[in-house]
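Everything below concerns the one structure shown next.
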Amino acid sequence: MQSFDQIPIDSLRIMKCIHDHPGATRLEIMEQVQASHLTVSGAIKALESQKLIRRSGKIQGESGRPSISYAIAAGTGSFLGIQVNLNTARFVLMDSSTELLMEWDADCPFDELGAKVQEAYIDALKLVIDKSMTRIAEAGYPRPIALALSLPGMVDTTKGTWISGLQFRGVRNIPLQKELESYLELPIFIEDNARAMVLFEKLRGSAKGYGNVALLYLGVGMGTGIVVDGHLMRGFHGTAGEIGHIPHANNNYRCSCGNIGCFETVVSPYGIIRLFNDRLMEGASSTLQNRRIGDRYALDLECILESAKEGDHFTIRTLLEIGDYIGDACDILIKLFNPEILVITGAVSMFSEFVKKSVESTIALKIASEISQDFQVIFPVYKPYLEAWGAAILAQGEVLAREIRSRR
């Protein structure tokens, strides 16, 4: 991609608009950037000639005349997204058109850190990113324009700080953006897993074309990504949407945050495994009893899913109950944000065929028809590299936004 300082500010705003709203028409771009027809038309013509944007199709307008839609062009640079897990980091290298170029995993044993935890997290990430740059070069791709990390826990995107990390011990306000930018001499951005996921779903996935989206993320913890009128919500310190830490009346488990009854203690992968283990210890009749080792059970999400598919009544009943919890979380999100579409995703969405019925019945029972009109809940197919892909999308959008801000 050519140097940003060679691109006029009006053209940068239009590129950012097209990035945020792929398939936008000329009229929609004019409305979003608040610019005249003459300004937008001139900038679009220049961007097309520079091969920075392309025509992506035609949309039938209300007048009956088709309107040309636009997208960011391919081949003008790449962006790297990284999802940080407890023992691995997942990487996605994305083309400027948001197409996937490469995806891979790398060992990153954060659970083996020494005493200086904060420095150790930064050093471990530097090492694994250095290796990724070598891998990208060996594959014949140029150095990425920017990279972003998708992180568990709480993230302040504006300050570039990893506030807390759920199962990542010792994470407390780590200045990842500052440290990594200084080391790599690249624009670096950070985001939490839920918002990285909603960026993917909004630009490439099941929520594409929707301006009001609520995403319930059931991964390491439980979080939400909220898009209102096309804009991603982050909140004052980047902690908007922490629905996982809202207590539920029927839950007595203590959460890592110190409160009792948080949604996260039941519907996260760890919470589900603990719930099944405790009930099996109480003597529940189930084929999962065969997995007992001493005073615990060798359980994971995959064996629970297999048990449900084999028709184990205890497993199916327990998953239906978990679906009720998820439905109650959806009830809160729908009433607060009135989305057009609610996306439920993350590792726990593998149970969709067993929780979907109870989720939908809970919503139908608790949400007024006036609110739920033209509304849908979906469980898209989840793949473990989508958070990293969402982070790469974030990197592209934020590097454009940073350049625009620098011109003010």
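The values are calculated or read from the model by the stated rules, or taken from the named source; none is laboratory data. This structure is a prediction, so every number in the text was calculated from the model and none was measured. Glycine also receives a Cβ, built like all others from the backbone with ideal geometry; neighbour counts cover every protein chain displayed.
Residues checked against (1) without any contact (Cβ under 8 Å) to a residue 24 or more places away in the chain; (2) on the phi > 0 side of the Ramachandran plot; (3) assigned to a helix (DSSP H, G or I):
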{"site": "D328", "(1), (2), (3)": "no, no, yes"}
{"site": "K356", "(1), (2), (3)": "no, no, yes"}
{"site": "L365", "(1), (2), (3)": "yes, no, yes"}
{"site": "P380", "(1), (2), (3)": "no, no, no"}
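Being surrounded by 15 or more Cβ atoms within 10 Å (Cβ to Cβ), free of Cβ contacts under 8 Å to residues at least 40 places away in the same chain and closer than 30 Å to C255 by Cα is a property that P175 has. Within segment 15-51, if we keep just the residues that are outside any helix (DSSP H, G or I) and touching a Ser or Thr at 6+ places or on another chain (Cβ under 6 Å), the residue that is surrounded by the most Cβ atoms within 10 Å (Cβ to Cβ) turns out to be T25.
Considering only residues that are more than 19 Å from T345 (Cβ to Cβ) and in contact with a Pro (Cβ under 7 Å, 6 or more places away or on another chain), look in segment 259-315 and name the one that is surrounded by the most Cβ atoms within 10 Å (Cβ to Cβ). In this case the residue turns out to be C262. Give A207, A214 a once-over and let me know the one that is within 25 Å of E99 (Cβ to Cβ) and of a type in the set (G, A, S). When all the criteria are applied, what remains is A207. Remark: pairs (first residue in segment 296-325, in the same structural domain as K357 (by TED's automatic domain parsing) and closer than 19 Å to E264 by Cα; second residue at pLDDT below 95 and aromatic (F, W, Y); Cβ separation under 8 Å; 6+ apart in sequence or on different chains) = Y325/F263. Evaluation of L199 against the conditions (1) surrounded by 22 or more Cβ atoms within 10 Å (Cβ to Cβ); (2) out of contact with any Leu (no Cβ under 7 Å at 6 or more places or on another chain); (3) closer than 30 Å to P22 by Cα shows that the sole unmet condition is (2). Restricting A124, A146 to residues that are buried (at least 22 other Cβ atoms within 10 Å of the Cβ) and not aromatic (F, W, Y) narrows the list to A146.
Go through (1) in the same structural domain as K131 (by TED's automatic domain parsing); (2) at pLDDT 90 or above; (3) of a type outside the set (V, I, T); (4) closer than 19 Å to G390 by Cβ and name the single condition Y217 misses. Among (1) in the same structural domain as K131 (by TED's automatic domain parsing); (2) at pLDDT 90 or above; (3) of a type outside the set (V, I, T); (4) closer than 19 Å to G390 by Cβ, Y217 violates only (1).
Of the candidates F354, F337, F375, the single residue that is at pLDDT 95 or above, surrounded by fewer than 21 Cβ atoms within 10 Å (Cβ to Cβ) and of a type in the set (F, W, Y) is F354. The set of residues from segment 285-306 being in contact with a Lys or Arg (Cβ under 9 Å, 6 or more places away or on another chain) and among the polar types (S, T, N, Q) comprises just one member, S286.
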